[in-house]
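Enquirer: Got a structure here, written out as structure tokens. Questions coming.
The values are calculated or read from the model by the stated rules, or taken from the named source; none is laboratory data. Bear in mind that the values here come from a model prediction, so they are computed numbers and not experimental data. Neighbour counts run over all protein chains shown; Cβ positions are idealised from the backbone, glycine included. We work out accessible area using only protein heavy atoms, side chains counted, and drop any ligands, DNA or RNA first. Shrake-Rupley method; radii C 1.70, N 1.55, O 1.52, S 1.80 Å.
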Amino acid sequence: LGGVARRTSVLCNEYGSWISYESDAHGFRNPPGLWGARADVVLIGDSFTIGACVPDEAEIGERLRARLGTVVNLGMSGNGPLHGLATLREYGPALRPRVVVWLLFENDLMAQDFGLELKMPLLKRYLEPGFQQGLIDRQPEIDAALDEHFDRLSKNPSGTSPAQRALVDASDGSARASRVLRLRGLRSRWGRLRSSWRGTSDAPTDYVLFERVLRRARDDVAGWGGELVFVSLPGIWSLGAGPDRNEAAREVARGLGLTVVDAGPWIRDAPEPLDFFAFPGVSRFMGSPHYSIEGYARVADGIGDVVAPLLE
């Protein structure tokens, strides 16, 4: 669910240079020293949450720390709802945050994220009340397993097709980290796989199961006296006249009594909304580009406006 601890971890390149970060004690993108005390805020989400593809000072968690206190970013590239729930279940109780901000990007409920997660029996077990693997106490074991995994992939790039290799990795959960701690070959293979899924990205979303995921997350957070805030993030395709892909998800969150925030107007209503994305077009491999430094700043400011009163 995280990465290798205290390791230089490569994210991506959308600005013309590669972005990397030094992972924390559990493989997430945070400065050292945030584990061990109660957090004010925890962030749950995907690559937009972790801050792809911008430097440390530009990612959402870092921008919020000066304003909100101790903010721990548990985002990881490619996370869908079940990975978010699993991450919250495994690491949330150690941090007991007063507020958990769940950031949902437009493609998180599509086939390449939620659809793939539903094929992983281990992930679906997090819908059971209290299910855990004790990952927070198993970091040395996790580090060793991931090191072995990456070493094996780097030595054997041939064999089955790119899609088959990535799906085999995903079936045991290990592909999660390869999306973050990626070798050049891994990044290329993953891009080709994502492009092959685009034709199935409009498969019906299981909103009944998504409601169960958010309900479990809400109840887990309430168990330590915290509050869950739901934020939906727009992609570059939202700037057109197409449907709002996140509206149904927001309705689910509202039905659970969550504080719900639509970040779409923060982007769409700006004088130059394309300035909020790393580049103006849609990637052949990955769909929407990530936010620019200015885009992450706008989202962080909006989240801060919502969360700050909840911490008073």
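Enquirer: How do the helices (runs of 4 or more DSSP H) wholly within segment 40-118 filter down when requiring 1 or more residues that are modelled with pLDDT of 95 or more and under 15 Å from Ala297 (Cα atoms): which remain?
Expert: 47-50, 60-68
Enquirer: Looking at Val72 and the list (1) within 29 Å of Arg215 (Cβ to Cβ); (2) touching a residue at least 40 places away in the same chain (Cβ under 8 Å); (3) open to solvent by 10 Å² or more (accessible area, probe 1.4 Å), which single condition is not satisfied?
Expert: In the conditions (1) within 29 Å of Arg215 (Cβ to Cβ); (2) touching a residue at least 40 places away in the same chain (Cβ under 8 Å); (3) open to solvent by 10 Å² or more (accessible area, probe 1.4 Å), Val72 misses (3) alone.
Enquirer: Collect the residues in segment 1-19 that are of a type in the set (Ser, Thr, Tyr), touching a residue at least 60 places away in the same chain (Cβ under 8 Å) and open to solvent by 10 Å² or more (accessible area, probe 1.4 Å), keeping them in residue-number order.
Expert: Answer for segment 1-19, where residues must be of a type in the set (Ser, Thr, Tyr), touching a residue at least 60 places away in the same chain (Cβ under 8 Å) and open to solvent by 10 Å² or more (accessible area, probe 1.4 Å): just Tyr15.
Enquirer: Hey, does segment 20-34 have a residue that's surrounded by fewer than 20 Cβ atoms within 10 Å (Cβ to Cβ), in a strand (DSSP E or B), small (Gly, Ala, Ser) and within 17 Å of the chain's Cα centre (by Cα)?
Expert: Taking every residue of segment 20-34 in turn, at least one turns out to be surrounded by fewer than 20 Cβ atoms within 10 Å (Cβ to Cβ), in a strand (DSSP E or B), small (Gly, Ala, Ser) and within 17 Å of the chain's Cα centre (by Cα).
Enquirer: Scan segment 5-19 for residues that are at pLDDT below 95 and in contact with a Gly (Cβ under 6 Å, 6 or more places away or on another chain) and jot them down.
Expert: Ser9
Enquirer: Among the residues of segment 217-237, is any assigned to a helix (DSSP H, G or I), basic (Lys, Arg), modelled with pLDDT of 95 or more and farther than 13 Å from Leu104 by Cβ?
Expert: yes
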